[in-house]
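Shown next, in structure tokens, is the structure this report addresses.
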């Protein structure tokens, strides 16, 4: 297994650690650790892409595992954060994020079946991941502040709701662009 793929596997482990740390109740240290794990995972995402492109380590495994690792990281964090009801993360938003990821995953699978090729992540998919990551980092940071500074300004506790809305918008804009790009593939699979 090359270095880029090892970093992808590390990201999956960091995603699991983030999830476990975030689901803990009344555990500011664990939530702070989750923030560190999530940021470290984002760094591995950037580094594994850099290594794969610049050192000729692009592989079939990496093309499949990298987006899966991203989804495990972001969706796991969102799922864990919904456990903290005071953050007021709307479940409809989390559902829409999950739904988009499942739809696009299905189209990627369809591409493999119909055309024997894996659709690569496009720039809007990378943009979507960046927006999702920043929003999740800010939400985890709110949870950390809540644990250490319960007297923080009240507006801070309302921040996760608009961050979720921003994430949903970025997620679905990229999804719609992906669907438009894949229209021929989808239509050809109907018959």
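Annotation note: of 47, 64, the sole residue that is touching a helix residue (DSSP H, G or I) at 6+ places or on another chain (Cβ under 8 Å), part of a helix (DSSP H, G or I) and surrounded by fewer than 21 Cβ atoms within 10 Å (Cβ to Cβ) is 47.
Of everything in segment 23-35 that is part of a helix (DSSP H, G or I) and more than 15 Å from the chain's Cα centre (by Cα), the residue that is nearest to residue 146 (Cα to Cα) is 28. When residues in segment 134-191 are screened for being within 30 Å of residue 116 (Cα to Cα) and without any contact (Cβ under 8 Å) to a residue 24 or more places away in the chain, 7 of them pass.
Look at (1) more than 15 Å from the chain's Cα centre (by Cα); (2) surrounded by 14 or more Cβ atoms within 10 Å (Cβ to Cβ); (3) at pLDDT 90 or above and you find that residue 108 fails only one, number (3). Exactly one residue out of 19, 98, 38 is part of a helix (DSSP H, G or I), at pLDDT 95 or above and either closer than 23 Å to residue 173 by Cα or over 13 Å from the mean Cα position of the chain (by Cα) (or both), and it is 98.
A search for C-beta distances below 8 Å between a residue of segment 9-24 that is without any contact (Cβ under 8 Å) to a residue 12 or more places away in the chain and any residue that is surrounded by fewer than 16 Cβ atoms within 10 Å (Cβ to Cβ), counting only pairs 6+ apart in sequence or on different chains, returns nothing. The requirement of being at pLDDT below 95 and within 17 Å of residue 42 (Cα to Cα) is satisfied by residue 125. Just name the residue that is surrounded by the most Cβ atoms within 10 Å (Cβ to Cβ) out of those in segment 134-176 that are out of contact with any helix residue (DSSP H, G or I) (no Cβ under 7 Å at 6 or more places or on another chain) and not in a helix (DSSP H, G or I). Filtering first and then ranking leaves 149. If you filter segment 114-133 down to residues that are in a helix (DSSP H, G or I) and without any contact (Cβ under 8 Å) to a residue 12 or more places away in the chain, you find that the one that is nearest to residue 89 (Cα to Cα) is 130.
Selection within segment 50-60: residues that are assigned to a helix (DSSP H, G or I) and without any contact (Cβ under 8 Å) to a residue 40 or more places away in the chain. The member of this set that is farthest from residue 130 (Cα to Cα) is 54. Evaluate segment 71-84: report whether one residue or more is surrounded by fewer than 18 Cβ atoms within 10 Å (Cβ to Cβ), farther than 17 Å from residue 20 by Cβ and modelled with pLDDT under 95. Scanning segment 71-84, I find no residue that is surrounded by fewer than 18 Cβ atoms within 10 Å (Cβ to Cβ), farther than 17 Å from residue 20 by Cβ and modelled with pLDDT under 95, so the answer is no.
The values are calculated or read from the model by the stated rules, or taken from the named source; none is laboratory data. All of these numbers come straight from a predicted model, not from anything done at the bench. Glycine gets a Cβ as well: all are built from the backbone with ideal geometry, and neighbour counts include every protein chain shown.
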